[in-house]
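The next block holds one structure in the form of structure tokens; read it before the comments.
FYI, it's all coordinate maths here, none of it is from the lab. What you see is a predicted model; the values in this text were computed from it and never measured. Every residue, glycine as well, gets a Cβ built from its backbone with ideal geometry; the counts of neighbours run over all protein chains shown.
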Amino acid sequence: MPQGAARRIGPRRRLVVDLAATANLIGTLGKYLGVAALFPAAVALWYREPVWPFLLAGAITSGVGLILERASARSAGHVGVREGFLVVSLTMLLTAGFASLPYLFAGGEQLDHPLDAYLEGMSGFSTTGASVVTDYEGLSKSILMWRQFTQWLGGMGIIVLAVAILPRLRVGGRQMMESELPGPEVAGLPERIRETARMLWTLYVALTLLATLALASLGWLGIDERMTEYQALAHAFSTIPTGGFSTEPDSMAGFSPETQWIVALFMLLGGVNFMLLYRGLVRRRARLLARDEELRLYLALGLVASIAVTVQVWGYGIASGETAIRDGTFQAISVLTTTGYATADFALWPMLLLLTLFGLMFLGGSAGSTTGSVKIVRHLLVGKVLRRELDQTVSPEVVLPIRLNGSPVDERTLRAIAAFILLYIGFWVVGSAVIGIDSAISNVDLGTLDVMAVSASALGNGGPGFGITGPLASFAPLGDVSKVTMILLMWVGRLEIVPVVVLLTRNYWRR
Amino acid sequence: MRIFVIGAGQVGSTIVEALHHDHAILVLDTEGHRLTAIANRYDVATYEGDGTSQHDLAAAGIKDVDLVIACTSRDEVNLVAGMFARREAPRATTVIRTSNLEYVDLWRAGQLDVDFVVCSELETAHAISRIIGVPAARQTDVFAEGQVQIVEFDVQEGASGDVVGIPLRDAKAPRDSKVAAIIRGSEMLLPGGEDVIRPGDRIVVIGSPQAAKEWGALLSPGEATVRDVVIFGGGRVGATIASVLLSQGIGVRVVEASKERALQVAEALPDARVYNATGIDDDFLERERIGKTQAAIFAMRDDAKNLYAASLAEVHGVPFTIGIAHEAVSVAAFEHAGIDVSVNPRAVTAEEIIRFAHDPRTQQVALLEGNRYEVLDVTTRDTSRYVGSRFRDMPIHGALIGAIVRNGTAIFPHGDDVLQSGDRVIVFTESADAPRVVEAL
């Protein structure tokens, strides 16, 4: 062997993840993210409220981003698949931090505790809609709008937005975008990711404008006195991303029936696969919509859930007539799409109704929508796998490819879906246990179903739970451990678990 | 006619055998010994050369021929040879053999510049569908890629009163079908509305595959329609048979030994039930009750395996077995061993090409009743005096238009439909009148 060869091999490298590249990309994202604070700043300016909390938050975020980017620029390599998971996971955490800064600066007493502010931030960016706010009067209009705006930014995703705008993410952005987009990668992204990202955001913005216009016109026509332009925009920001924050303490209950129906419709739209919606509406291929198995099941489940809740609401005498239908439909769609709005305090409803809503928490909307939870397509495919298992029990040799909309689905995808569902259940159970134990120790009044609902609701990015954490109440009374657990569940749930959990494996870092 | 045959294999030699009496044939092949074998048996010219070489084709004299048949076992060679033939001899008709259905589809869509494409797998599948497609049928021929069937039935005692014993104009005949002829003893008539079908007659029906099946059920109520078959071997032949039978509404199970291939077939044919198993697995045959199927088709690559699997299936109780015999000699061996029907893919391919060679403009000529009647498949010219006229106004000169194929789709015309230029017309006619009918269209 030549003398120099052994020396060239060099020492063993233990860490295979390029931290510098990760930090560099996160820095870039942070640098641009800070700009988002200009919107609430403008709102503050309009309503003559203090502008500095937003400008400061934006400056801190952009500044930290810039420093991170500069510091790591020299040694940063290429962002690969490994780094992608880390970027997506950490960006989510940092974004929530950014969202919480204005709350700390100007949120007053109810948001000045860092943990509460961070919970509110994570709840916003993960489009959960669980809030610690109790006194809405005490918050300025700009802070309330910032809450709504964080949901809107988080709904279609920061990374997806970055891919659409930043030239830098043209390479290597695909896997990160797939991590951030809800739902399993059944078909892969058909177009170039940049086009896909632009298409998604275009439709997203268009739908938001449409919702704003629809709601505002109710105000203009005098149908709903409370629906001002401000309210219309604030609620569109929360409806399309199926978030659930409201500017009102009683959620949607105080608005007129017409408003509630329109919001229900847009929640339902927010739960449709945006890529499918784009092809169906913009490219005029309505047959794609009509034939899509997931969409059909989603709408069927929406209908069944609405009827089931309506029948009970009417049957229990909670409401009757149009009110019963509206309350039933609204609550069913709100929970199904993991929005979390309410037109009635369903925390007070009887057990059977609560169980119905609890079951809906595990469904979610379509893949590629803004909803959380498990997603319809996963349930659909798991159902098909189960049917195949039964068939193969009788005929072991039969070969049955699983199909979705006629095309065969890869077995690896099916395994990934099964793994996701097991992880989802695991996180929910552990989350419930931790919140349950913490509540028992710190004397928080949460029943068994309430505990399970809080965990499911946080993991599924739904929002409100039952009992004292109901839709018109707040999460403020929960213990700190419960709040940390909720933050973790929302974080993991928004990224659909795997990109985060993969960071916990030894192989990820070492080989 | 001067015919240029590229490829002296099984298909090539079958074609030569059928055509060498009436035509001047030149055979080209890369293998000298094959050419010697063919030249020793038939009076044909041979040329040793490469079908993909423009130089060889020109040197062999392709310029002067009327018909080029590229029938080697390799698709690419046939395609390239067909392309060069078109350049070197623009006026010659070109026929190529393929084993890829995609090329057939391309050709039908007008994307492949040859006059006729014959796919061995498809011809085999059609041959099998002719065998099991229609009960009580004496003979079945398919036209327009299987969309039109011409079936000869024996009318038995006990046939349905909806069609038998009453004038045809009152008969409740299946949709999309026509009675083309009634054969009574030695007499044969092209029926009008007042004619009556009687038990003991033989009739010829032109119609859709579905209508043909309904006719079968009407004419022989006792006999079962085949609704369920098992195909052993999911290769290209097996998969094509499966897809053709599925398109006729027959339930298909496919047994394929290779795991990968089984998955491919299952993905390609959602309506078939595919098993990853071998045809000689006794437990499997028992568990899946293969013996209860109505017919089994053995389409594995190895003739010996087909033979054994067929015997085993018969042991399990399969009442009707069809074997794919890849080697010509296997046909006799299969029949000797008790397989009900054998199909040799190369033979049916050659037959199809020979049919075409008889008259390139009629894509398929079925001969019924010992050559007295013919079914012609003719494309209408602009100059035909019948273009633009309604079917009810056309005079009957001992001919009947059974179906037309317009833009690749079969239409079963009614009196008010109008014949258009470029329609492929499927005509039933007396042999004596055939040239006149072709001329008129």
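Quick notes on this structure:
- Sparse-neighbour loop sites [GluC sites (Glu not before Pro); segment B:245-353; at most 13 other C-beta within 10 Å; DSSP]: B:327
- GNM top mover of B:53, B:330, B:129 - chain B, alpha-carbon springs below 10 Å: B:53
- Across B:183, B:128, B:15, mean-square fluctuation computed from a Gaussian network of chain B (C-alpha pairs under 10 Å connected) peaks at B:183.
- The GluC sites (Glu not before Pro) of segment B:173-254 meeting both criteria, a DSSP state outside H, G, I, E and B (loop) and at most 12 other C-beta atoms within 10 angstrom of the site's C-beta, are B:194.
- Label sites at residue A:281 and residue B:418, each approximated as a point 7 angstrom past Cα along Cα to Cβ, lie 4.5 nm apart.
- Shape category assigned to chain B from the gyration tensor of Cα positions, a/c cut at 1.5: oblate
- For residues of B:260-266, the mean tally of beta carbons on other chains within 10 Å: 3
- Local net charge near residue A:434, Cβ-Cβ under 13 Å (Lys/Arg +1, Asp/Glu -1): -1
- Shape call, the protein assembly as shown: gyration tensor on alpha carbons, a/c limit 1.5: prolate
- Per-residue average of Cβ from other chains inside 10 Å of A:305-314: 0
- Stretched out straight at 0.36 nm per residue, the stretch from residue A:449 to residue A:78 would grow longer than its current Cα-Cα span by 128.9 nm.
- Zone residues, segment A:260-300, relative to residue A:407, backbone N less than 19 Å from point 7 Å out along Cα-to-Cβ: A:273-297
- With a simple spin-label model that places each label point 7 Å from the Cα along the Cα-to-Cβ direction, the separation between residue B:337 and residue B:21 comes to 3.4 nm.
- Peptide ranges A:498-507, A:350-359, A:126-135, B:300-309 listed from the most packed, as the mean C-beta count within 10 angstrom indicates: A:126-135, B:300-309, A:350-359, A:498-507
- Other residues within the sphere of radius under 13 Å centred on the Cβ of residue A:330, judged by their own Cβ, net out at -3 (K and R +1, D and E -1).
- Within segment A:93-130, chymotrypsin sites (Phe, Trp or Tyr not before Pro) in DSSP loop having at most 11 other beta-carbon neighbours inside 10 Å: none
- Calculated FRET efficiency for the pair residue A:389/residue A:345, C-beta based, R₀ 35 Å, to 0.05: 0.25
- A simple count of charges around residue B:210, restricted to other residues whose Cβ falls under 10 Å of its Cβ and scoring Lys, Arg +1 and Asp, Glu -1, yields 0.
- Pairwise FRET efficiency - residue A:70 versus residue A:15, Cβ, R0 = 30 Å, nearest 0.05: 0.85
- Note on residue B:162 and residue B:100: the extension gain reaches 18.0 nm, defined as 0.36 nm multiplied by sequence separation minus the Cα-Cα distance.
- Computed from the C-beta positions of residue B:198 and residue B:247, the FRET efficiency with R₀ = 35 Å rounds to 0.55.
- Dipole axis of segment B:210-309 (+1 Lys, Arg; -1 Asp, Glu on Cβ), positive-most option in B:233, B:298, B:247: B:247
- Contour minus Cα-Cα distance for residue A:441 and residue A:42 (0.36 nm per residue): 139.2 nm
- Reduced Cα scattering model of chain A, Debye log10 I(q)/I(0), q = 0.05, 0.06, 0.07, 0.08 Å⁻¹: -0.19, -0.28, -0.37, -0.49
- Modelled label reach - residue B:43, point 7 Å along Cα→Cβ, segment B:1-24 residues with backbone N closer than 13 Å: B:20-24
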